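> The structure is given below, and queries will be raised subsequently.
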Amino acid sequence: MKRGGAIYIMTNKIHPGSFTAKYGLTKLVYYEGFHRIEEAISMEKQIKGGSRKKKMDIINAFNPECKDLYEEVAAW
């Protein structure tokens with residue numbers, strides 16, 4: 001059985017012992033779900049390989065008010 005996947009971008013959220021704690025991230029500002037994990041991995045590589053400006057453009061298009069989107073994802 002194949003499983004889907006998701007990608008996300010966070011800013012300023014603290015989870016002890018994790019990437020987010022290391023960098024002091026507190027807010028989920030972007031997420032995208034995929035039916036296939038391969039699609040998620042491909043998109044993650046594209047985003048990671050992009051410039052900071054490109055990442056900000058993605059966030060601003062998806063979440064222009066830069067709200068914390070955690071509650072939306074928690075409801076999945």
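> So which residues in region 52-72 are of a type in the set (S, T, N, Q) and in contact (Cβ under 8 Å) with a residue 12 or more places away in the chain? Before the answer, list the steps.
Looking only at region 52-72, we keep the residues that are of a type in the set (S, T, N, Q), and these are 60, 63.
The answer is 63, and nothing else.
> For region 23-62: of the residues being under 18 Å from residue 73 (Cα atoms) and acidic (Asp, Glu), which is farthest from the chain's Cα centre (by Cα)?
Among those that are under 18 Å from residue 73 (Cα atoms) and acidic (Asp, Glu), it is 44.
> Inspect region 60-74 for any residue being modelled with pLDDT under 95, closer than 20 Å to residue 3 by Cβ and either of a type in the set (A, V, I, L, M, F, W, C) or assigned to a strand (DSSP E or B) (or both) and give the result as yes or no.
Scanning region 60-74 turns up at least one residue that is modelled with pLDDT under 95, closer than 20 Å to residue 3 by Cβ and either of a type in the set (A, V, I, L, M, F, W, C) or assigned to a strand (DSSP E or B) (or both).
> Further question on the same structure: Suppose we keep only residues that are polar (S, T, N, Q) and either more than 21 Å from residue 67 (Cα to Cα) or assigned to a strand (DSSP E or B) (or both) within region 1-56. Which one would you say is modelled with the lowest pLDDT? Full working, then the answer.
Within region 1-56, the first condition is being polar (S, T, N, Q), and the residues that meet it are 11-12, 18, 20, 26, 42, 46, 51.
Now restrict to residues that are either more than 21 Å from residue 67 (Cα to Cα) or assigned to a strand (DSSP E or B) (or both): 11-12, 18, 26, 42, 46, 51.
Numbers: 11: 85, 12: 76, 18: 71, 26: 81, 42: 96, 46: 95, 51: 93.
Filtering region 1-56 for residues that are polar (S, T, N, Q) and either more than 21 Å from residue 67 (Cα to Cα) or assigned to a strand (DSSP E or B) (or both), the one modelled with the lowest pLDDT comes out as 18.
The values are calculated or read from the model by the stated rules, or taken from the named source; none is laboratory data. This structure is a prediction, so every number in the text was calculated from the model and none was measured. Because the Cβ atoms are built from the backbone with ideal geometry, glycine has one as well, and the counts that use them run over all protein chains shown.
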